[in-house]
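Here is the structure we will look at, set down as structure tokens.
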Ligand code: UD1
Ligand code: CA
């Protein structure tokens, strides 16, 4: 097997983004651009991956972790100079090196594979991935001779008026013979409008050397969009959203309005689930089958079972069972676990807690740091008082207990199995099982008071 190497260019600041966030970390459909690239590359059987970092190096490394090696480009002197930084790691190694920009988030592994295949089948020393577009402004143009052979790439800023008319663009993705690449890079100069060492200049150098230089043209320009500013970022978002949503529609998921449904690439959704407008599914969320999600609901890094309904709610880092009803207007904060047939309703906030099968908290409650058993009814306005200003404490409510409206359960405290807490109680002591706890002032009526006054 021929070895495969990959170099990801991610050192640029992204001046045109006008942002404090480094360009390749800007998210598209909830995931940083450079992470999209690394995720796709990982599926292409790459033996060694080197990411070139510079601006925001630590942040980029923080996102990508150990999945790739890194080379630092201390000064951003151009894409050719960036690739040079990987020389120490890759020189004298035999194989194919794919170079990909960290700002082309829509590129798929299928296209990367097709590029490698084309490169291998043509025996080329270099193959560029190109695309056609009616709006080529900003991209490098691919110049071919009358026989159609690629001669060179000219950057927008260096192009003549005639060259600017060319509609075939350099997508910024290439395959090279590894040793040839680093040898040719030594001969790239910076005598151009931007005073930068351009990677695409390698193409002309190899062409003039008489080497085989090939081009593989993808039919889908959208897939190759390079994100240099916020306008392109929003286009990338739109196209990726369309790609993701249509994939799920083909898998049997209904979208009431795909334009207004936002799903991250690593989400999975079961068939016959319906997503209503304003649904945002983020991170590594898993949604079961036959669910109704939304309208206006955000679910992040959570797992939701089958036939569960979540309306106008926020669910983060939580585990939700089957046949659960959430919302409208519920907030599940991290580490919430809801068993099957649980119901949580309007203005109920849950945090680091669990609720057993069939339990309910239908209105206006805060339940944090709590273990609630099965078939428990938490009345309207009940609160687990979990915090004394320094530490958090646990509330336990055992199976079948009934918590009357507007109760405060001052933790640490346990309400025993099958017990009742009278409405309006402030519970400071454990309640034994099968008891009634009343902890409030008795009512006294002053009869005739109004007349006397
Ligand atoms: C580049 C190509 C252009 C192509 C386009 C496709 C060059 C000279 N031009 O232009 O032909 O049509 O991509 O999207 O290569 N980077 C570094 N270090 C640097 C400079 C850039 O790591 O010194 C990284 C950036 O972070 C970015 C990528 O390389 O991820 C591309 O750089 P960018 O400045 O966006 O190049 P373009 O002008 O878009
Ligand atoms: Ca770019």
Checking residue 91 against (1) touching a strand residue (DSSP E or B) at 6+ places or on another chain (Cβ under 8 Å); (2) away from ligand 2 (no atom under 16 Å from the Cβ), the condition it does not meet: (1)
Elements of type strands (runs of 3 or more DSSP E) contained in segment 1-95, each with 3 or more residues being within 24 Å of the chain's Cα centre (by Cα) and buried (at least 21 other Cβ atoms within 10 Å of the Cβ): 4-10, 48-53
Residue in segment 155-167 that is within 16 Å of ligand 2 (Cβ to nearest atom), over 22 Å from residue 265 (Cβ atoms) and under 29 Å from the mean Cα position of the chain (by Cα) present: no
Segment 162-188, residues that are under 17 Å from residue 140 (Cα atoms), without any contact (Cβ under 8 Å) to a residue 24 or more places away in the chain and part of a loop (DSSP other than H, G, I, E, B): 165
Any hit, segment 226-233, residues being part of a helix (DSSP H, G or I), within 16 Å of ligand 2 (Cβ to nearest atom), surrounded by 20 or more Cβ atoms within 10 Å (Cβ to Cβ) and within 15 Å of the chain's Cα centre (by Cα): yes
Qualifying positions in segment 126-143 - away from ligand 2 (no atom under 16 Å from the Cβ) and free of Cβ contacts under 8 Å to residues at least 40 places away in the same chain: 134, 143
Some residue of segment 136-149 being part of a loop (DSSP other than H, G, I, E, B), assigned by TED's automatic domain parsing to the domain that holds residue 61, within 11 Å of ligand 1 (Cβ to nearest atom) and surrounded by fewer than 14 Cβ atoms within 10 Å (Cβ to Cβ): yes
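Residue-wise test of (1) modelled with pLDDT of 95 or more; (2) buried (at least 19 other Cβ atoms within 10 Å of the Cβ); (3) part of a loop (DSSP other than H, G, I, E, B); (4) outside the structural domain of residue 129 (by TED's automatic domain parsing).
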{"site": "217", "(1), (2), (3), (4)": "yes, no, no, no"}
{"site": "236", "(1), (2), (3), (4)": "yes, yes, no, yes"}
{"site": "242", "(1), (2), (3), (4)": "yes, no, no, yes"}
{"site": "246", "(1), (2), (3), (4)": "yes, no, no, yes"}
{"site": "265", "(1), (2), (3), (4)": "yes, no, yes, yes"}
Qualifying position, being within 18 Å of residue 9 (Cβ to Cβ) and away from ligand 2 (no atom under 16 Å from the Cβ), among 123, 190: 190
Residue within segment 107-118 that is within 16 Å of ligand 2 (Cβ to nearest atom), touching a residue at least 40 places away in the same chain (Cβ under 8 Å) and surrounded by 20 or more Cβ atoms within 10 Å (Cβ to Cβ) present: yes
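Considering segment 270-285 alone, what residues qualify as being more than 18 Å from residue 31 (Cα to Cα) and part of a strand (DSSP E or B)?
Of everything in segment 270-285, those that are more than 18 Å from residue 31 (Cα to Cα) and part of a strand (DSSP E or B) turn out to be 274, 275.
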Residue within segment 413-428 that is closer than 19 Å to residue 320 by Cα, over 38 Å from the mean Cα position of the chain (by Cα) and in the same structural domain as residue 312 (by TED's automatic domain parsing) present: no
Test for residue 274: is it within 18 Å of the chain's Cα centre (by Cα) and outside the structural domain of residue 77 (by TED's automatic domain parsing): no
Selection from segment 249-263 of residues that are free of Cβ contacts under 8 Å to residues at least 24 places away in the same chain and either in a strand (DSSP E or B) or in contact with a helix residue (DSSP H, G or I) (Cβ under 9 Å, 6 or more places away or on another chain) (or both): 249, 253, 254, 255, 258, 259
Criterion: under 24 Å from residue 31 (Cβ atoms) and touching a residue at least 12 places away in the same chain (Cβ under 8 Å) - qualifying residue of 289, 307, 335: 335
Scope segment 172-212; condition in contact with a helix residue (DSSP H, G or I) (Cβ under 9 Å, 6 or more places away or on another chain), more than 23 Å from residue 228 (Cα to Cα) and loosely packed, with under 15 Cβ neighbours inside 10 Å; matching residues: 186, 187, 189, 209
Residue in segment 99-107 that is assigned by TED's automatic domain parsing to the domain that holds residue 31, outside any loop (DSSP other than H, G, I, E, B), over 29 Å from the mean Cα position of the chain (by Cα) and at pLDDT 95 or above present: no
Test: residue in segment 204-213 that is part of a strand (DSSP E or B) and assigned by TED's automatic domain parsing to the domain that holds residue 90: yes
Test for residue 157: is it part of a helix (DSSP H, G or I) and not assigned by TED's automatic domain parsing to the domain that holds residue 29: no
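The values are calculated or read from the model by the stated rules, or taken from the named source; none is laboratory data. Not measured: the values here are computed from a predicted model. For neighbour counting, all protein chains shown are included, and Cβ atoms are generated from backbone atoms with ideal geometry for every residue, glycine included.
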